[in-house]
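Accompanying notes for the structure given below.
The values are calculated or read from the model by the stated rules, or taken from the named source; none is laboratory data. Here the structure is a predicted model, which means the values were calculated and not measured. Reconstructed Cβ throughout: ideal geometry from the backbone, glycine too, with neighbour counts over all protein chains shown. The protein model used for the area step is the full one, side chains on, heavy atoms only, and it has no ligands, DNA or RNA in it. Shrake-Rupley method; radii C 1.70, N 1.55, O 1.52, S 1.80 Å.
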Amino acid sequence: MPLLDRNGNAADRWTRSEGAAIGNIPAALVRWEVLAEALDAQEPEQVIGVLIPNSVAFAELASFLPRLALVAIAFPAYADGRGFSLARQIRRAGFAGEIRASGPLVADQFAYALSCGFDTIELPEASAARQPVEQWLHARDAFSHTYQRGYRAAGRNILDRRRAARAAAPAAGR
Amino acid sequence: MYRYDEFDERFVRERVAQFTDQVARRLDGSLTEDEFKPLRLKNGVYLQLHAYMLRIAIPYGTLNSRQLRQLALIGEKYDRGYGHFTTRQNLQFNWPKLRDVPEILGLLADVEMHCIQTSGNCIRNVTADHFAGVARDEIEDPRPTAELIRQWSSAHPEFSYLPRKFKIAVTGAEADRAVIKAHDIGLRLRRHPDTHETCYEISVGGGLGRTPMIGKVVRDYLPKQDLLAYLEAIMRVYNLEGRRDNKYKARVKILVHEIGAEEFTRRVEAEFALLDGPSINADPEEVARIAAYFAPPRYDVLPAVSNTLEAAKASNPAFARWVEVNTTPHKIPGYTALTISLKPQGQAPGDATSEQMRAVADLAERYSFDELRVTHAQNLVLPHVRQRDLYVIWQQLGEAGLATANVGLVTDIISCPGLDYCALATARSIPIAQAIQSRFADEARQREIGPLGIKISGCINACGHHHVGHIGILGLEKRGIESYQITLGGDATENAAIGEILGPGLAAEEVPDAIERIVGVYLAARSEGESFIDNVRRIGLAPFKAAFQETARAAA
Amino acid sequence: MSAAAKRVPLPAILLANDLLDGDVVFATADGAGALAWTRDPAAALVAADDAAAARLEGFAAAALAGNRVVDAYLVDVALESGRPVPRHFRERFKTLGPSNRPDLGKQAGDGIASAPKG
């Protein structure tokens with residue numbers, strides 16, 4: 001499936017494994033249901049990633065995070081925004097691996113996904129066919145500044161910019 | 001009122017460009033209708049029965065004359081010369097073309113307005129007390145809070161794809177004029193009993209619609225500086241745990257109901273405890289920057305009683321009655337808050353023509369420090385009127401057909417557009433409102449009845465707020481004809497209550513009789529000075545139900 | 001739309017909203033017998049049998065796919081003086097306009113002077 005990162009089309013180093021049998025796939029992406037089993041079978045050089053339904057509670061996932069290099073969160077429909085909060089929770093826990101949104105997202109969600117902590121978007125073929133990467137990159141930049149603090153928009157947060165402007169010109173009248 | 005800085009200005013312009021691009025991608029097939037629909041809803045573009053509808057945000061109901069004139073212009077140039085003010089303080093145009101919406105958005109951006117998030121499964125327009133800044137019982141003006149929340153919720157990366165719509169309201173007075181208990185989040189500014197600092201009481205899980213519920217208090221005293229972090233905690237719990245399997249069970253009120261207010265509060269507080277406030281909240285300087293825009297205007301020093309006004313009242317009884325009914329006491333001596341009724345007989349409740357908008361804009365500019373408000377009752381307010389100017393204002397309103405003296409009375413009906421316009425509706429509401437207005441046209445009789453809030457919804461979505469009407473009317477369909485269910489005892493104030501059904505649905509032509517009988521019970525049973533809703537609370541529903549059955553029998 | 005799905009009772013007309021303008025439009029037959037869209041409810045083509053209804057459904061699918069219209073569906077009608085009138089009051093309102101504003105909508109002739117569009 002087509003994969004995007006913040007700069008456009010990306011190569012996917014991950015291979016989906018059918019079940020828990022990950023053999024010696026270097027980067028094995030397994031389903032949530034077989035994660036524990038797969039981790040038991042992990043070889044020293046292997047990295048493991050998990051594809052989770054967006055209904056999984058963060059508390060269930062937390063203990064696995066130190067052993068994962070990728071968390072892919074399924075988006076059953078683009079209007080189902082649970083993944084944005086899940087990604088946020090995963091980043092807050094200090095996860096430094098790749099977080100991927102997997103599903104029929106639309107380009108207009110790209111900036112939100114990146115802000116919430118996603119690194120990549122994996123699209124179904126049909127979605128990707130209708131939405132060329134140029135649309136994603138254009139949509140990514142729709143807003144030059146955003147209002148919400150703490151969402152990975154370094155230098156582009158409006159409240160922070162206002163504060164910086166106040167600090168730079170404290171004597172200026174309103 | 002708030003004025004955009006360069007960031008706010010750039011943001012709305014970028015939103016216009018974004019929507020224009022979204023329309024282009026819809027037309028060239030990059031986006032399917034299923035993908036485009038939520039995007040257009042997030043820009044207030046509905047598809048209704050006859051045409052598209054555009055819902056323009058009027059943040060916490062505050063406008064200036066320049067903005068209102070621009071709305072009048074848009075109504076003439078791109079619509080059919082009128083707009084409809086809604087129960088969430090917004091304005092709707094009923095006939096825009098999608099192809100024109102980008103241009104309309106540009107005109108709105110020219111006057112610091114937009115249609116951002118006036119629909120869709122996201123945080124909607126934040127509403128507030130329409131007497132903010134002027135009411136005598138006010139503890140603190142709720143609008144700086146509302147403006148802060150407006151900015152924080154705009155294009156929120158995490159909370160733009162919620163299970164369902166999300167409505168926030170803020171009040172800063174003892175009385176609740178913002179219906180906060182029927183909102184997903186209701187905020188009330190209050191004083192902390194120990195420190196006497198203002199802080200927030202936070203309620204969650206109010207909402208009308210198919211399963212009406214009153215909001216539950218989750219936090220009694222939230223320090224002001226923690227506002228955004230606490231809201232983030234609530235939204236995260238809802239975004240993750242709100243139901244997504246059933247559209248009619250997807251509001252946060254259902255989640256609160258299903259897990260219980262105590263458990264919901266526990267989850268919110270647990271999430272809040274994990275948040276780093278300083279990295280999320282607005283700093284005190286930003287809060288102060290916003291608040292400064294809502295500083296009181298330069299009021300004149302006036303006597304509490306205006307001789308000019310008293311003389312005009314004495315010589316003109318119609319004017320005197322209008323003053324008595326449509327004005328509200330003001331914090332500042334010599335001033336008054338004037339409500340302009342958009343409920344004259346013969347017009348759809350809440351509608352105003354472009355000419356009328358211009359008339360009000362002129363009055364606001366000249367007589368109200370260039371400020372006006374929209375109320376959730378679909379009326380307009382001039383918040384800072386000198387008592388001595390009331391007479392000349394009344395005359396000019398009369399010329400514009402806006403001098404109806406019925407604010408809060410039986411003909412001041414709240415009504416959604418209903419099946420005459422709305423694709424979601426099951427029945428018409430406007431003709432019902434007009435029939436009731438006609439039946440109760442006599443002004444003396446209206447004043448004799450006193451305060452009585454009738455609210456009409458054309459479907460179960462309850463945009464007319466019928467659940468919290470003293471008398472509520474819900475339009476449904478029964479066997480291929482429109483059928484109206486009457487409820488009684490609802491209350492939209494701090495004494496929030498959901499009305500109870502009186503009996504089976506009525507045909508349209510039976511509704512005015514039913515209202516007459518209900519009013520008749522009240523008039524016969526009331527004690528001295530007792531209002532309709534107080535009477536209902538005192539004597540209960542039984543006498544009204546009996547009278548209602550009478551109507552059903554008479555009609556059969 | 002599949003013919004196997006439960007269809008509204010016949011006779012029926014096809015209506016939709018024009019994507020760019022939002023107006024309610026109806027499938028009609030143009031001079032050559034091909035299907036086209038019109039804003040005039042009196043000109044709506046009435047499908048009296050399954051084959052005609054299927055033809056309307058195919059027309060709708062193409063127009064939806066071609067981003068011309070949205071929300072296209074068949075509506076069952078009664079014939080009154082030869083004109084198709086939707087049986088359900090909601091759909092009747094779509095052919096008329098707001099009942100409190102006889103000066104607006106199709107009842108006032110809005111959009112009906114336009115020629116049928118292909």
Given (1) surrounded by 15 or more Cβ atoms within 10 Å (Cβ to Cβ); (2) free of Cβ contacts under 8 Å to residues at least 40 places away in the same chain; (3) aliphatic (A, V, I, L, M), index of the condition C:A62 fails: (1)
Taking region B:39-82, which residues are at the interface with another protein chain (Cβ under 10 Å from one of its Cβ atoms) and of a type in the set (F, W, Y)? B:Y46, B:Y52, B:Y82
Pick from C:P41, C:P9, C:P84, C:P102: which is open to solvent by 70 Å² or more (accessible area, probe 1.4 Å) and touching a residue at least 60 places away in the same chain (Cβ under 8 Å)? C:P9
With the requirement that a residue be charged (D, E, K, R) and under 11 Å from the mean Cα position of the chain (by Cα), what does region C:24-51 give you? C:R39, C:D40
Whichever residue in region B:358-378 is outside any helix (DSSP H, G or I) and either of a type in the set (V, I, T) or surrounded by 21 or more Cβ atoms within 10 Å (Cβ to Cβ) (or both) and, among such residues, is nearest to the chain's Cα centre (by Cα): B:H376
What are the residue pairs meeting all of these: first residue in region A:142-170, first residue facing another protein chain (nearest Cβ under 7 Å) and open to solvent by less than 60 Å² (accessible area, probe 1.4 Å), second residue assigned to a loop (DSSP other than H, G, I, E, B) and among the charged types (D, E, K, R), Cβ atoms under 7 Å, and 6 or more apart or on different chains? A:S144/A:R156; A:H145/A:R156; A:T146/A:R156; A:L159/A:R149
Suppose the filter is among the polar types (S, T, N, Q) and either surrounded by 24 or more Cβ atoms within 10 Å (Cβ to Cβ) or under 29 Å from B:A175 (Cα atoms) (or both); does B:T426 pass it? no
Please work out if B:R99 is within 14 Å of another protein chain (Cβ to nearest Cβ), open to solvent by 30 Å² or more (accessible area, probe 1.4 Å) and basic (K, R). yes
What number of residues in region B:305-330 are farther than 24 Å from B:D129 by Cα and either within 11 Å of chain A (Cβ to nearest Cβ) or of a type in the set (A, V, I, L, M) (or both)? 7
Taking the options B:H192, B:H196, B:H257, name whichever one is in contact (Cβ under 8 Å) with a residue 40 or more places away in the chain, over 23 Å from the mean Cα position of the chain (by Cα) and away from chain A (no Cβ under 14 Å). B:H257
Please determine, by comparing only the residues of region C:44-59 that are surrounded by fewer than 14 Cβ atoms within 10 Å (Cβ to Cβ) and of a type outside the set (A, V, I, L, M), which one is farthest from B:D34 (Cα to Cα). C:D49
Subset tally (residues that are on the phi < 0 side of the Ramachandran plot and open to solvent by 10 Å² or more (accessible area, probe 1.4 Å)) for region B:340-357: 7
Within region A:70-90, residues small (G, A, S), within 12 Å of A:A113 (Cα to Cα) and facing chain B (nearest Cβ under 7 Å) come out as A:G81, A:S85
Of the conditions (1) surrounded by fewer than 23 Cβ atoms within 10 Å (Cβ to Cβ); (2) at the interface with another protein chain (Cβ under 9 Å from one of its Cβ atoms); (3) part of a helix (DSSP H, G or I), B:S30 fails just one. Which one is it? (3)
Select, from B:T198, B:T211, the only residue that is among the polar types (S, T, N, Q) and within 24 Å of B:A250 (Cβ to Cβ). B:T211
Qualifying position, being within 12 Å of chain A (Cβ to nearest Cβ) and surrounded by 22 or more Cβ atoms within 10 Å (Cβ to Cβ), among B:V237, B:V204: B:V237
Determine whether A:R152 is at pLDDT below 95 and touching a helix residue (DSSP H, G or I) at 6+ places or on another chain (Cβ under 6 Å). yes
Search result, residues across region C:90-110 that are of a type outside the set (D, E, K, R) and within 7 Å of chain B (Cβ to nearest Cβ): C:F93, C:G97, C:P98, C:S99, C:N100, C:L104, C:G105
Cβ pairs under 6 Å, 6+ apart, first in region B:384-402 and open to solvent by less than 10 Å² (accessible area, probe 1.4 Å), second of a type in the set (D, E): none
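Residue-by-condition table, conditions (1) outside any loop (DSSP other than H, G, I, E, B); (2) surrounded by fewer than 18 Cβ atoms within 10 Å (Cβ to Cβ); (3) in the same structural domain as B:L222 (by TED's automatic domain parsing); (4) not aromatic (F, W, Y):
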position	(1), (2), (3), (4)
B:V256	yes, no, yes, yes
B:E262	yes, yes, yes, yes
B:R267	yes, no, yes, yes
B:A273	yes, yes, yes, yes
B:S279	yes, yes, yes, yes
B:V301	no, yes, no, yes
B:A312	yes, no, no, yes
Out of region B:314-329, which residues are outside any helix (DSSP H, G or I) and either hydroxyl-bearing (S, T, Y) or surrounded by 18 or more Cβ atoms within 10 Å (Cβ to Cβ) (or both)? B:T327, B:T328
Can you go through A:E60, A:E18, A:E43 and tell me which one is acidic (D, E) and either assigned to a helix (DSSP H, G or I) or within 14 Å of another protein chain (Cβ to nearest Cβ) (or both)? A:E60
Does region A:91-116 hold any residues that are away from every other protein chain (no Cβ under 11 Å) and among the small types (G, A, S), and which are they? A:G94, A:A96, A:G97, A:A101, A:S102, A:G103
Any residue that is within 30 Å of B:I393 (Cβ to Cβ), in contact (Cβ under 8 Å) with a residue 60 or more places away in the chain and assigned to a helix (DSSP H, G or I) - is there at least one of those in region B:330-338? no
Going through (1) open to solvent by 10 Å² or more (accessible area, probe 1.4 Å); (2) among the hydroxyl-bearing types (S, T, Y); (3) within 14 Å of another protein chain (Cβ to nearest Cβ) one by one, B:S119 fails only at (1)
Could you list all residues from region C:59-102 that are part of a helix (DSSP H, G or I) and of a type in the set (S, T, Y)? C:T95
Taking B:A291, is it within 13 Å of another protein chain (Cβ to nearest Cβ), within 26 Å of the chain's Cα centre (by Cα), open to solvent by less than 70 Å² (accessible area, probe 1.4 Å) and in contact (Cβ under 8 Å) with a residue 40 or more places away in the chain? yes
